[in-house]
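Presented below is the structure to which this report refers.
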Amino acid sequence: MIIQAITFYLFAFVAIGAAVMVISSRNPVHSVLFLILTFFNAAGLFVLLGAEFLAMILVVVYVGAVAVLFLFVVMMLDINFVELRQGFLQYLPVGALIGIILLAELILVTGGYLTSPGFAGPQYTGQGTMQIPPPGQVSNAEALGQVLYTKYIYLFQAAGMVLLVAMIGAIVLTLRSRPGVRRQNIADQIARRPEEAMEVRKIPSGGGA
Amino acid sequence: MPDLMTFWTDYGEPTAWIILQILAVMVPLLVAVAYLTLAERRVIGLMQLRRGPNVVGPFGLLQPWADAVKLLFKETIVPSGANRVVFLLAPIVTFVLALIAWAVIPVGEGLVIADINVGIMYLFAISSLGVYGIIMAGWASNSKYAFLGALRSAAQMVSYEVAIGFIIVTVLLSVGSLNLSDIVRAQSGGVFGWFWLPHLPMFVIFFASILAETNRAPFDLPEAEAELVSGYNVEYSSMPFALFFLGEYANMILMSALAVTLFLGGWLPPADIAIFNLVPGPVWFVLKVCFMLFCFLWIRATFPRYRYDQLMRLGWKVFLPLSLFWVMATAAFLVFTGTVPK
């Protein structure tokens, strides 16, 4: 047990420390790198909880894809660090307000869970009694699939549609068709035959073309 | 000292056992990486009617060690204006990621360090992290060549990962498990029972995608020595450079091992014949990995480099739709024939 405790505190403290560094480091690229470290430790905590599938998904999606995009954008920015510092006090009230709201909501959620656990459970949200499979008998992925593709199939599909709409929106916003751009048309190139591409002429000697 | 004894049996012994297992994988792997560099030069030499390095030791067998010693004794240069910490962290990240993925690769029946349920997810997660070493190196070098090389490399790896993900899903659909040992066991029945045959188009796409994922020819645009000098690792010297090099080759071996596990039946013998069954599983595994690696080198000696827009077209407009279609086709086939694995 002591090993589990040590591992938990290791992951937890590194996660918190890295999260603090995300918002306090001066260089935005370092911030993103610390964000990645935070994700990693969160994945470690998931593994400790026995949710190894979620842990891997967290790494694949957030570290492998989302954070790469962050890093891309941040690296390409031409940032003036001095200017960045100056706006700090200006944004402090808004930031503090958001922080306080988040904190209050977290306290409400945790408090609500502590006083009446299961209040937000399936039987109270109109989903009927759910059979939660006992842990250890089914694998993570199977347990997730059993609820995700049965009870919550419409919500799951709706989430997918939202992402699709966002993706199409981003493409539409950035797509420009410039005139005069010559693109490679591979089908055309392959379909080309010697007869239409070149002309063989008989040149009489001394006559020229 | 009863306390110390229980401490040893509870924690000390398992830890020592795990460390032994790790060494049993790491040491052969690093030797394999060293000899892969030699094999590459020799094989390409033979294909181009040259001799390749044959002077250091018999058949040039000591060449990798000569190279390693040379790199070790060079000076580590950190460019001025480079971000020192990130600059030195990048090769370490690349190298470590190439090694830790081996924890879940089964080299034989039961011969795996961590036989976890989500083995293939773990591998996919680790391989999707490989891009960080390269981006960090490109950014921290504070050099335009390195940065451009890193951008190319990152975009390429991210693009081909999508196709690899879908190909993995097709294999998972036909196995019904995320465990790599289960994936191998599902391919029993000799060479025609392996997944390369029913998933032949996916095997071809997978092979092309792992070439792109490991930045190998014909997709080695990140290094494109004619345009980018050498890509993301221009500014590196000595051991940091060696770590990149080792990481890249270890990744090649890893991806070959993954292809063998997914499509070529892992440690299983090619036919259920007594002589074949006598040969231990790891030998078959190593032979198959060697075959895949030979294909890597063969392709490098054969094909010219892709242009960047062609590379992106191939990844997004050919491989992605094809693999997506194959996922649907496999799922539909399994459902309609009632052969969905439990």
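The values are calculated or read from the model by the stated rules, or taken from the named source; none is laboratory data. Computed from a prediction, not measured in an experiment: that's the story for all the values here. Neighbour counts run over all protein chains shown; Cβ positions are idealised from the backbone, glycine included. Only protein heavy atoms, including side chains, enter the accessible area calculation; ligands, DNA and RNA are left aside. Shrake-Rupley method; radii C 1.70, N 1.55, O 1.52, S 1.80 Å.
Some observations on this one:
- Within segment B:1-33, restricting attention to residues that are in contact (Cβ under 8 Å) with a residue 12 or more places away in the chain and surrounded by fewer than 17 Cβ atoms within 10 Å (Cβ to Cβ), the residue that is farthest from the chain's Cα centre (by Cα) is B:I18.
- Residue match in segment B:226-234 (condition: touching a Ser or Thr at 6+ places or on another chain (Cβ under 7 Å) and either small (G, A, S) or surrounded by fewer than 19 Cβ atoms within 10 Å (Cβ to Cβ) (or both)): yes
- Output for segment A:17-38, where each listed residue is open to solvent by 50 Å² or more (accessible area, probe 1.4 Å) and within 18 Å of A:A55 (Cβ to Cβ): A:L37
- Of everything listed in (1) within 28 Å of B:P282 (Cβ to Cβ); (2) within 12 Å of chain A (Cβ to nearest Cβ); (3) open to solvent by less than 10 Å² (accessible area, probe 1.4 Å), the single unmet condition for B:F124 is (3).
- Scanning segment B:127-144 for residues being more than 7 Å from chain A (Cβ to nearest Cβ) and among the β-branched types (V, I, T) gives a total of 1.
- Any hit, segment B:319-327, residues being assigned to a helix (DSSP H, G or I) and without any contact (Cβ under 8 Å) to a residue 40 or more places away in the chain: yes
- B:G190 being assigned to a helix (DSSP H, G or I) and of a type in the set (G, A, S): no
- Test: B:Q63 is open to solvent by 70 Å² or more (accessible area, probe 1.4 Å), out of contact with any Cys (no Cβ under 9 Å at 6 or more places or on another chain) and more than 14 Å from chain A (Cβ to nearest Cβ): no
- Scanning segment B:333-342 for residues that are open to solvent by less than 90 Å² (accessible area, probe 1.4 Å) and more than 17 Å from B:L200 (Cα to Cα) yields B:T337, B:G338, B:T339, B:V340, B:P341.
- Identity of the residue in segment B:110-121, under 20 Å from the mean Cα position of the chain (by Cα) and within 8 Å of chain A (Cβ to nearest Cβ), that ends up least open to solvent (accessible area, probe 1.4 Å): B:V118
- Filtered by the rule that a residue be open to solvent by less than 100 Å² (accessible area, probe 1.4 Å), in a loop (DSSP other than H, G, I, E, B) and farther than 18 Å from B:M312 by Cα, segment A:182-209 gives A:I203, A:P204, A:G206, A:G207, A:G208.
- The lone exception for B:A150 - which of (1) open to solvent by less than 10 Å² (accessible area, probe 1.4 Å); (2) assigned to a helix (DSSP H, G or I); (3) away from every other protein chain (no Cβ under 14 Å) it fails: (3)
- The set of residues from segment B:279-313 being in contact (Cβ under 8 Å) with a residue 40 or more places away in the chain, assigned to a helix (DSSP H, G or I) and basic (K, R) comprises just one member, B:R300.
- B:G165 touching a Pro at 6+ places or on another chain (Cβ under 9 Å) and surrounded by fewer than 20 Cβ atoms within 10 Å (Cβ to Cβ): no
- The listed residue being modelled with pLDDT of 85 or more, surrounded by 21 or more Cβ atoms within 10 Å (Cβ to Cβ) and under 20 Å from B:I19 (Cα atoms), out of B:V96, B:V107: B:V107
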